[in-house]
Amino acid sequence: MAKLLSFDFGTGGVRAGVYCTDARAMLASAEAKYETVYPHTGWAEQDSRQWLTSMRDAGRRAVAAAGTNHIDSICVATTASTVAFCTRSGEPVRPAILWMDCRASEEAALTAEVDHPVMAYCGGADAVEWLVPKAMWTARRQPEVYARAEVICEALDFINYHLCGEWVGSRMNAACKWNYDSLNGAFVPEIYQKLGIGDLPAKLPDRIVPVGGVVGEASGSLTADMGIVNRPVIAQGGIDAHIGILSANTVRPGGLLVIGGTSTVHLTQLSGYGDVSGFWGPYPNALTEGEWLVEAGQVSSGSILSWLSNDIFGLDANQHQELIRQVAERPERANGLLALDYWMGNRTPYRDPDLRGAIMGLSLGHSRTDIYAAAIDSVALGTANVLAVLAERGVDIDRIVMAGGICRNAAWLQATVDAIGRPVSVATEDNLSLIGAAVCSATALGLWPDLAAASSGIGVATHEMQPNVERSRWYQDTLPLYQDATELLTPLLHTLTKRQQAESRS
């Protein structure tokens, strides 16, 4: 019997869970928050030291609630790219730049000018969210900070260093966010040189370990602070949503995992290289050996709904739930409104960090419920748009699993199923990343021969949801309007974004 401690570092906090392989169940879980600050429009930062404080708190409570002080393996999943800048001893030299931060849009655009075969794995250019553009921005705009940073790494690498004292990168993060050649297992210095950060490889973790591999053995006080008396194996994890593939058992080509939360991520794997222009990837060997990972997503989804409910409408949690109920029960929904879900840019299929949100068709007769429903429709249409373009690229999907915070919002969940227009399997577990991290730990311990086998053995249960035929027809008819509005408004939204950026620098 193995006890596996998983951590999922999300946007607003960390969750810890203790999984038992004999019981095939999570014995206990706990959560601790940390703060995000927004110094300027489009910026988002966190104090990486708070990650450790919250990790100790959540880990200690989860371990105690599980009734054990012996943990066989620990695995971590984090947002990405949430980038830490620190010394070799793990001391931060500036706040971490959060994954959703879009300050490096100019730098991301410059990556499209690099001509190298490895750039084809990311569709020819990096996203503003990734480590490389953020490192470029820091080198260009805060050169003294860049010079002081002996290590530039993912939040995952920072956490693993403080667990075991070694700087190690995940092959998943390196393949998906660092322009690492995961087909040949090597960094590509000429890419960084062309981008003006030729010294970046010296600042990155230089040992790259595949997902489910062994990073090292726990050392230091961090695990002891959680009440753990032994030295667990540290298993390599990766990007939070991507690790969820392992618990959803959508590892093999044809499966698609949709995780709706602060953002929405759509993940599938191909059996070989294919044209997925407009998306991120396909990345060779990012998750499993010999398969190619494709990433799609929406930067803003649940965050839009929270922003409307909390910041604009001023609702408490109970009032928000009442608003969700009202929207779910209204067949007419948004009363003629059309919204675009680009509050923090578009991840795919437009790959445009400078798009912004819009609500069209407003009149004095529209209500708060109409506006909230329009926002839900926009997020659902964003997912439908992703799937439509994937189909155009020849990516066949035969099974869809949906998970995350979307499952706690009945209106958003049903709208998305309706917009997809086909049956969807909904995960009964509310945090797939914790279970996926347990799959990684079980693989690192040799309890299963590989990730796919461990995924089949540990995967979560699901139930099927059917689309409403009438509503599916409405989304099918409305999707072209969503696409046309995006095309027509793009020049105007770009102009507004440039103004916002200029004002934030002044």
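The values are calculated or read from the model by the stated rules, or taken from the named source; none is laboratory data. Note that the structure is a prediction, hence the values are computed from the model and not measured. Glycine also receives a Cβ, built like all others from the backbone with ideal geometry; neighbour counts cover every protein chain displayed.
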> Looking at 18, 14, which one is modelled with pLDDT of 95 or more, within 25 Å of residue 447 (Cα to Cα) and among the aliphatic types (A, V, I, L, M)?
Replying inline: 18
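Considering only residues that are of a type in the set (S, T, N, Q) and closer than 20 Å to residue 80 by Cα, look in region 1-38 and name the one that is surrounded by the most Cβ atoms within 10 Å (Cβ to Cβ).
Top of the filtered list is 6.
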> Among the candidates 480, 449, 467, which residue alone is over 25 Å from the mean Cα position of the chain (by Cα), crowded, with 19+ Cβ neighbours inside 10 Å and over 21 Å from residue 353 (Cα atoms)?
Replying inline: 467
> Across region 21-31, which residue is modelled with the lowest pLDDT among those that are more than 16 Å from residue 440 (Cβ to Cβ) and among the hydrophobic types (A, V, I, L, M, F, W, C)?
Replying inline: 23
> Yes or no: residue 476 of a type in the set (S, T, N, Q) and closer than 25 Å to residue 321 by Cβ?
Replying inline: no
> Does residue 412 count as among the aromatic types (Phe, Trp, Tyr) and crowded, with 21+ Cβ neighbours inside 10 Å?
Replying inline: yes
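Every residue, every condition in (1) under 16 Å from residue 6 (Cβ atoms); (2) free of Cβ contacts under 8 Å to residues at least 12 places away in the same chain; (3) assigned to a helix (DSSP H, G or I), yes or no:
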{"position": "413", "(1), (2), (3)": "no, no, yes"}
{"position": "429", "(1), (2), (3)": "yes, no, no"}
{"position": "436", "(1), (2), (3)": "yes, no, yes"}
{"position": "452", "(1), (2), (3)": "no, no, yes"}
{"position": "457", "(1), (2), (3)": "yes, no, yes"}
{"position": "467", "(1), (2), (3)": "no, no, no"}
> Quick one: which helices (runs of 4 or more DSSP H) sit completely within region 149-210 and have at least 3 residues that are under 22 Å from the mean Cα position of the chain (by Cα)?
Replying inline: 155-164, 171-177
> Inside region 211-225, can you point out the residues that are in a helix (DSSP H, G or I) and in contact with a strand residue (DSSP E or B) (Cβ under 8 Å, 6 or more places away or on another chain)?
Replying inline: 223
> In region 87-107, how many are surrounded by fewer than 24 Cβ atoms within 10 Å (Cβ to Cβ) and not in a loop (DSSP other than H, G, I, E, B)?
Replying inline: 6
>> Can you say whether residue 392 is surrounded by fewer than 19 Cβ atoms within 10 Å (Cβ to Cβ) and under 25 Å from residue 333 (Cα atoms), as far as the supplied structure shows?
In response: no
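Yes/no per residue for (1) assigned by TED's automatic domain parsing to the domain that holds residue 22; (2) touching a Ser or Thr at 6+ places or on another chain (Cβ under 9 Å):
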{"position": "385", "(1), (2)": "no, yes"}
{"position": "408", "(1), (2)": "no, no"}
{"position": "436", "(1), (2)": "yes, yes"}
{"position": "456", "(1), (2)": "yes, no"}
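Go through 421, 404, 394 for me and flag whichever is in contact with a Lys or Arg (Cβ under 9 Å, 6 or more places away or on another chain) and at positive phi.
Residue meeting the stated conditions: 421.
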>> Can you tell me which residue is nearest to residue 302 (Cα to Cα) among those in region 332-385 that are over 29 Å from the mean Cα position of the chain (by Cα) and of a type in the set (Ser, Thr, Tyr)?
In response: 367
